[in-house]
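The values are calculated or read from the model by the stated rules, or taken from the named source; none is laboratory data. Since we're looking at a predicted model, the values are computed, not measured. Here Cβ is always computed from backbone atoms with ideal geometry, including for glycine, and neighbour counts include all displayed protein chains. Ligands, DNA and RNA are excluded from the accessible area calculation, which covers all protein heavy atoms including side chains. Shrake-Rupley method; radii C 1.70, N 1.55, O 1.52, S 1.80 Å.
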Amino acid sequence: MKIFIDTANLDQIKKIDSWGILDGVTTNPSLVAKEGTDTPTRVAEIAKILGDRPVSAEVMALDAEGMIAEGRELAKIAPNVNVKLPMCEATLKATKVLSSEGIDVNVTLIFSPLQALLAAKAGARYVSPFIGRLEDIGDRGNDMLAETVNIMNTYGFGTEIIAASIRNPMHVLDAAQMGCDIATIPANVLELMLKHPKTDEGIAKFVADYEKVNGKH
Ligand code: E4P
C-alpha cells in the first residue's frame, strides 16, 4: 500500500519524507488555508520536495468549464501535480476532459461506492473515499471503503483508491487489510503508527541491561 501524507505543511512533509516511506501528498483547500497561503504557491513548493511523486491540488470551481480551466493551470505547476475535483455532476465531464488530456484526476469527497464507480468510469486516476467524515455522521466508513475496493478490483478500471479522512491507526490497518491502493494519512496518525508502548519499554530495558555491564553508551 502506498502511503501519502494528508497535509499542506512543509515541515510535516519533510519530516515524514525523511523516514523514506512517503509515496505522495494530498492537499485540500482547508489544509492549504491553515498554512496561510494559496494552492498554486504551496503545491509548487510541495511538488519540488517530492520530485516525481504525486501531489494533489484541489480546484475551487464547481462548474465543469471552470474545473477544466483551473485543472489545466494547476497541472502546469509541475509534472507530478494531479488535479483534485470534488464529486458532483460537473466533475464527471471535467474528469473525462482532463484525463483525455493526460492530466491525472483525483475525485475527492467520495462517500459511496457508486460515486467512486462513476468517477472511475469518467477516467479518474484516483478516487478518495472519506472514512472519518462518514463515521462522524454514524455511518460505516469501513464498509463503504470495502465495497469500493471490491468494485474496483472486479472491473479493473485502473483507478487507484486513496483511503482518505483517516483519523486513527485503525483506519490505516483496515485500509491495508482490504488491499486499498493508497492511504492518505495525517502526520499525527503516521506518528502513532510508529509507536508501541511495549517497544519503548523493550528499548529502555535493553539500554538499562547493557549499561549495568558496560556503562553509558
Ligand atoms: C483527502 O484527500 C482529504 O484531504 C482528507 O483526507 C480530508 O480529511 P478530514 O476529513 O480529516 O478533513
Ignoring everything except DSSP H segments at least 4 long, calculate the 222 nm mean residue ellipticity for the chain; use -39,500 (n - 2.57) per segment, divide by total residues, nearest 500.
-16000 deg cm²/dmol
For Lys2 and Leu173, calculate 0.36 nm times their separation in residues minus their Cα-Cα distance, and state this gained length in nm to one decimal.
60.3 nm
Assuming a ≥ b ≥ c are the square roots of the Cα gyration tensor eigenvalues, decide whether the chain counts as rounded (a/c under 1.5), prolate (otherwise, with a/b larger than b/c) or oblate.
prolate
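Given a 1.4 Å probe and every protein chain left where it sits, what share in percent of the accessible area of the stretch 1-101 is carbon and sulfur?
Here it works out to 53 percent.
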Under 12 Å from the Cα of Lys93, which aspartates and glutamates turn up, not counting those fewer than eight places away in the same chain?
Asp63, Glu65
Take Met193 and Thr154, extend 7 Å from each Cα along the Cα→Cβ direction, and tell me the distance between the two endpoints in nm.
2.8 nm
Counting other Cβ atoms within 10 Å, which GluC sites (Glu not before Pro) in the stretch 63-136 have at most 14 and lie in a DSSP loop?
Glu101
Using a basic spin-label model with each label point 7 Å from the Cα along Cα→Cβ, how many nm lie between Asp38 and Phe206?
5.1 nm
Solvent-accessible area per residue for the chain (1.4 angstrom probe, square angstrom)
50 Å²
Taking Lys205 as the anchor, which lysines have their alpha carbon closer than 29 Å to its alpha carbon, excluding any fewer than eight residues away along the same chain?
Lys15, Lys195, Lys216
Can you list the aspartates and glutamates whose alpha carbon is less than 19 Å from that of Lys2, not counting same-chain residues fewer than 8 positions off?
Asp17, Asp23, Asp52, Asp104, Glu160, Asp174, Asp181, Glu191
Cleavage-rule hits (trypsin sites (Lys or Arg not before Pro)) in the stretch 66-101: DSSP loop, at most 16 neighbouring Cβ within 10 angstrom
Lys76
Report ³J(HN,Hα) in whole Hz for each residue of the stretch 180-197, in order, from the Karplus equation J = 6.51 cos²θ - 1.76 cosθ + 1.60 where θ = phi - 60°; Gly and Pro get x.
5, 5, 9, 10, 9, 10, x, 4, 5, 6, 4, 4, 5, 5, 6, 9, 8, x
